[in-house]
Amino acid sequence: MPTSVVTGGAGFLGSHLCDRLLAAGHRVICVDNLDTGTLENIEHIRQPEFAFLQHDMIQHVTIDEPVDYVFHLASPASPIDYLRLPLHTLKVGSYGTHNALGLAKRHRARFLLASTSEVYGDPQQHPQSESYWGHVNPIGPRGVYDEAKRYAEALTMAYHRQQGVDTHIVRIFNTYGPRMRPHDGRAIPTFVRQALEDKPLTVFGQGQQTRSFCFVSDLIEGFIRLIDSEIHTPVNIGNPGEFTILELAEVILRLTGSRSSIVYEALPQDDPTVRRPDIGLARSLLGWEPTIGLEEGLRLTLEGMGVEVAVA
Ligand code: NAD
Ligand code: UDP
């Protein structure tokens, strides 16, 4: 039975990854300090093959049993979380990634870094392919997250090139699904919560900025394919369907049958104006592409919350 360590395993993506690995017959050790994750996300897991270790990845971590895979997801991910925790975000991206890589090296385990489309910043190339170096403001408020992830990528490549660790880097584009925290501040859980409470949907700017939204099960499939591949350079995983934020708000209003209005609020500093992945690499090298479109994924998300979805 392979053993996987999932850092950040009590978070949104990490908990879905734990489910997927257990279903595939792995032993899973979930390492999390519960900063933005919750025990609720993993309380449904009852298997004896699952272990939870409450630990801050900024500190050295020791696992006294063989480890075959290290999935490193620990990091605040939502803008409101990393703006609230700027130093912690920089430390988990640097020291935390160093510790996770050290763990993989010691156990000769395959390693996957959860990087982000934020490494492209406010992109001047559209769609974004992996060869694009990005357009990041290092000293703006989002810089703590963007630069932490860029450093984490550099560190991961150095462990691969100098230390021979079997590393992989996934650049994740906006992903959603059940278990996102209603108050985590990201667009989809925020709009869903507001729509269900019949409160106005808070669209930032004019809502003309775009994002590409990937359903969680598609993303996790990409993780599994990538970590078992021989690709060591970054790979975009995301859904290339591109929507304005206003379009997103309107779809959520329709699916929830909500009578909420839309209010326009100030656009946060350095908010990327466009974002869409070029997934040519994932398609050709991993045979991966998303299978769930936005509307279907939103229906699955709402059903997962026990919400009846409007028919229209
Ligand atoms: P999340 O906030 O739900 O999960 C992050 C988890 O990491 C939480 O459980 C948190 O408690 C844990 N954590 C934070 N700091 C830690 C530390 N120092 N030690 C141990 N655990 C720590 O967010 P998510 O959406 O599940 O994101 C998971 C990863 O994927 C993050 O690395 C994020 O940067 C990356 N990512 C996510 C998205 C997305 O759309 N969801 C997009 C790009 C990148
Ligand atoms: N957004 C919005 N209203 C909200 C939350 C987010 O209009 O209540 C916008 C935000 O400005 C951004 C987009 O939705 O342009 C996606 O934001 P999110 O925080 O989900 O992800 P990220 O900015 O990291 O892509």
Fill in: Inter-label distance for residue 139 and residue 303, nm, one decimal - labels placed 7 Å from Cα along Cα-to-Cβ
5.1
Discussion item. I need to check one value: relative contact order of the chain, counting alpha carbon pairs closer than 8 Å and at least 6 residues apart, in percent.
Written reply: 17
Worksheet item: Taking the DSSP beta bridges in the chain as the whole, what percent of them are antiparallel, to the nearest 5?
Response: 10
Response to the item:
With the charge dipole of the chain built from beta-carbon charges (+1 for Lys and Arg, -1 for Asp and Glu) about the Cα centre, the Cα from 59, 113, 262 projecting farthest to the positive end belongs to 59
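Quick check for me: using +1 on Lys/Arg Cβ and -1 on Asp/Glu Cβ, what's the dipole size of segment 1-77 about its Cα centre, in debye to the nearest 20? All intermediate terms of the calculation are to be shown ahead of the outcome.
Working: 3 positive and 10 negative charges, 38 e Å.
Charge dipole of segment 1-77: 180 debye, to the nearest 20.
With a sphere of radius 12 Å drawn around the Cβ of residue 260, what net charge do the other residues whose Cβ falls strictly inside it have (Lys, Arg +1; Asp, Glu -1)?
Residues close to residue 260 contribute a combined charge of +1.
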Discussion item. Can you show me the helix-derived [θ] at 222 nm for the chain, built from DSSP H runs with n ≥ 4 at -39,500 (n - 2.57) apiece and divided by the number of residues, rounded to the nearest 500.
Written reply: -10000 deg cm²/dmol
Worksheet item: Considering only 251, 226, 292, whose Cα is most displaced toward the positive end of the charge dipole of segment 221-312, charges sitting on Cβ of Lys, Arg (+1) and Asp, Glu (-1)?
Response: 251
Worksheet item: Considering the chain as a Gaussian network with a 10 Å cut-off on Cα pairs, which listed residue, 274, 28, 263, attains the greatest mean-square fluctuation?
Response: 263
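Send over the per residue convex hull volume for segment 171-238, Cα only, as a whole number of Å³. Before the final figure, lay out each step's value.
Details: hull volume 6.7 nm³, N = 68.
Convex hull of Cα atoms, per residue: 98 Å³.
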Fill in: Simple label model, 7 Å out from Cα along Cβ direction - residue 65 to residue 284, nm
4.2
Worksheet item: Given Cα pairs under 8 Å that are at least 6 residues apart, what percent is the relative contact order of segment 1-57?
Response: 39
Discussion item. Can you compute the charge dipole magnitude of the chain about its Cα centre, using +1 on each Lys and Arg Cβ and -1 on each Asp and Glu Cβ, nothing else charged? Give it in debye, rounded to the nearest 20.
Written reply: 380
Worksheet item: What aspartates and glutamates could a cross-link reach from residue 105, if we take a straight Cα to Cα line under 18 Å and drop same-chain neighbours fewer than 8 places away?
Response: 64, 65, 68, 153, 166, 228, 230
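Let me have the relative contact order for segment 40-140, percent, based on Cα pairs under 8 Å that are six or more residues apart. Please list the in-between numbers first.
Numbers: 88 pairs, mean separation 28.1, N = 101.
Relative contact order, segment 40-140: 28 percent.
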Practice prompt. Place a +1 charge on the Cβ of each Lys and Arg in segment 211-285 and a -1 charge on the Cβ of each Asp and Glu, then give the dipole magnitude about the Cα centre in debye, rounded to the nearest 20.
Written response: 220
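Averaging the inverse of every distinct alpha carbon separation and then flipping it gives the Kirkwood radius. What is it for the chain, in angstrom units?
Mean inverse Cα-Cα distance, inverted, gives 19.7 Å.
None of the figures in this text is laboratory data; all of them are computed from the coordinates on show. These figures come from a predicted structure and were not determined experimentally. No Cβ is skipped: glycine too gets one built from the backbone with ideal geometry, and neighbour counts run over all protein chains shown.
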